[in-house]
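The structure under discussion appears below in the form of structure tokens.
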Amino acid sequence: MSNWVAPFLNRPVDAVVDLPGSKSITNRALILAALADGPSRITGTLRSRDTDLMLDGLAAIGVGVDFHSDDPTTVDITPQPLHAGAVDCGLAGTVMRFLPAVAALADGDVAFDGDEQARSRPLDTVLDALRSLGASIDGRGLPFTVHGTGSVAGGPVTIDASASSQFVSGLLLSGARFVAGVQITHSGAPVPSMPHIEMTVEMLETAGVTVDFDASSTRWSIAPTTVRAVDWAVEPDLSNAAAFLAAAPATGGRVSVPRWPVTTTQPGAAVLGILEQMGAEVDHRSDGLLTVRGSARPTAIDVDLHDVGELTPTIAALCALAEGTSTLRGITHLRGHETDRLTALSTEINRIGGDCRETADGLVITGRDRVDLHAELWRSYADHRMATAGALLGLRVEGLAVEDVETTAKTLPDFVKMWEAMAGTAS
Ligand SMILES: O=C(O)C1=C[C@@H](OP(=O)(O)O)[C@@H](O)[C@H](O)C1
Ligand SMILES: C=C(OP(=O)(O)O)C(=O)O
């Protein structure tokens, strides 16, 4: 675990940053490929801790995983009969919430564990739902064991998915393989991160699985059907792009990202509208090059991030530098992310001299001029997005060190190299 002094810039940033594949698309493509009716090739696969844990977990229960020797981002997935094994979830929500339903289809016991910090992430909803759909599972959270019998009865299930959209996505991704399919009803406060469920639905439809859903986003239904093999091309990770793009308004500079998709289900795309509201300019060229330009100091915003919670650390860091008081709403569920992100962000922003207050459903942040902020150790709480938020503030706060910067490997192992290259300080 090392402290990394983030690059400080007293000039505007000017860089092009090419991002690797999306974590969310990669881990969905891997599950769908594992359950499909034939082999699939995935290109642009993100290679990071979360996606390698998914690859390892699938391989541990029998799925064929073959990397191309000359390109580690191209992987061939061959479905095989699923058997007993052990799965390490690390701190990955997508692994701990998507793989149990796959494991229930295995013939044998599948033991799940993960990082100490993962044990406090909400999970019992998925395990209870699978039990009520006919699976046999010991445990209410990590560690737990799925006693797979080779099939899952499936059918109707009511869950409260207000703590995480991944509860719905996890059941949908395997639901077509259940004997009676799956009919999910959500009962509770609104489900967060709805675009991530839309991503699940769109990828299922691409694999030939029809999902019926209602306009109020409380019911999703899948009939038992074959999951067709698809050769997936993974888009760049737009949530990881957010911190790099925010460097433009943070320094009054310019950051471009190639291969930005014209249409996407990735919630990370919402960062563009938010940066525009904060005063940045956005340009998307026909060749896919996306550019964000900042000029004056960013302006404060009042924004509901319920649908795009994973952008919060980046936006909060920018708000700490903005002119005025910002309100970030609709993000209670962030208390169950990698860490309690509302407490972590307010603690760290206040420790460097900022002004951040937790509210019932978010944060209120009064921006400070950079001269009023001071370099302290920015703690990461084993949260990749806390580390990248620290790096963003480090561009304006000379000497700010980010603790445990290696935690960025959860979704972006090359973060330090890429950030230093963006800042023009790479050795
Ligand atoms: O399904 C997915 O790929 C994700 C869904 C969201 O989870 P929550 O609904 O728990 O916020 C998001 O925050 C996470 O980073 C990835
Ligand atoms: C919440 C996140 O991850 P996870 O998939 O582990 O929930 C995230 O990446 O911001």
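The values are calculated or read from the model by the stated rules, or taken from the named source; none is laboratory data. Computed from a predicted model, the values in this text were never measured in an experiment. Note that we place each Cβ from the backbone using ideal geometry, even for glycine, and neighbour counts take in every protein chain shown.
Observations on the structure shown:
- Single residue of the range 177-202 satisfying the filter (within 16 Å of ligand 2 (Cβ to nearest atom) and farther than 17 Å from residue 238 by Cα) that is surrounded by the most Cβ atoms within 10 Å (Cβ to Cβ): 192
- Within the range 275-288, the residues that satisfy the criterion of being assigned to a loop (DSSP other than H, G, I, E, B) and without any contact (Cβ under 8 Å) to a residue 40 or more places away in the chain are 279, 280, 285, 286, 287, 288.
- Criterion (over 30 Å from residue 177 (Cβ atoms) and under 17 Å from the mean Cα position of the chain (by Cα)) met by exactly one of 247, 241: 241
- Elements of the type strands (runs of 3 or more DSSP E) sitting completely within the range 1-120 and holding at least 1 residues that are at pLDDT below 95 and among the hydroxyl-bearing types (Ser, Thr, Tyr): there are none.
- Test: residue in the range 289-301 that is within 16 Å of ligand 1 (Cβ to nearest atom) and modelled with pLDDT under 95: no
- Considering only residues in the range 152-167 that are of a type outside the set (Gly, Ala, Ser) and surrounded by 17 or more Cβ atoms within 10 Å (Cβ to Cβ), the one that is nearest to ligand 2 (Cβ to nearest atom) turns out to be 166.
- Within the range 205-231, residues that are under 19 Å from residue 194 (Cβ atoms) and at pLDDT 95 or above have Cβ atoms under 8 Å from residues that are of a type in the set (Asp, Glu) and part of a loop (DSSP other than H, G, I, E, B) in no pair, counting only partners at least 6 apart in sequence or on another chain.
- Just one of the listed residues (93, 114) is farther than 17 Å from residue 234 by Cα, within 16 Å of ligand 1 (Cβ to nearest atom) and in contact with a His (Cβ under 8 Å, 6 or more places away or on another chain), and it is 93.
- Residue 228 being farther than 20 Å from residue 100 by Cα, more than 12 Å from ligand 1 (Cβ to nearest atom), in a loop (DSSP other than H, G, I, E, B) and not hydrophobic (A, V, I, L, M, F, W, C): yes
- Complete set of residues in the range 143-186 that are under 17 Å from residue 96 (Cβ atoms) and in contact with a His (Cβ under 9 Å, 6 or more places away or on another chain): 148, 159, 161, 163, 164, 165, 166, 167, 168, 169
- Cβ pairs under 8 Å, 6+ apart, first in the range 260-272 and more than 16 Å from residue 21 (Cα to Cα), second of a type in the set (D, E, K, R): 270/307
- Comparison of 201, 182, 152 shows that the only residue that is in contact with a strand residue (DSSP E or B) (Cβ under 6 Å, 6 or more places away or on another chain) and assigned by TED's automatic domain parsing to the domain that holds residue 29 is 182.
- Matching residues, the range 1-26, being touching a Ser or Thr at 6+ places or on another chain (Cβ under 9 Å) and within 15 Å of residue 238 (Cα to Cα): 16, 17, 20, 21, 22, 23, 24, 25, 26
- Lone qualifier among 188, 141, 170 - being in a loop (DSSP other than H, G, I, E, B), within 21 Å of residue 93 (Cα to Cα), outside the structural domain of residue 306 (by TED's automatic domain parsing) and in contact (Cβ under 8 Å) with a residue 24 or more places away in the chain: 188
- Hey, residue 338 touching a helix residue (DSSP H, G or I) at 6+ places or on another chain (Cβ under 9 Å), in the same structural domain as residue 382 (by TED's automatic domain parsing), closer than 18 Å to residue 388 by Cα and touching a residue at least 12 places away in the same chain (Cβ under 8 Å) or not: yes
- Residue 412 assigned to a helix (DSSP H, G or I), within 16 Å of ligand 1 (Cβ to nearest atom) and at negative phi: no
- Some residue of the range 341-357 being buried (at least 23 other Cβ atoms within 10 Å of the Cβ), more than 18 Å from residue 321 (Cα to Cα), in contact with a His (Cβ under 8 Å, 6 or more places away or on another chain) and at pLDDT 95 or above: no
- Here the range 96-111 is the region considered, the condition is being farther than 12 Å from residue 31 by Cα and crowded, with 24+ Cβ neighbours inside 10 Å, and the residue that is nearest to ligand 1 (Cβ to nearest atom) is 96.
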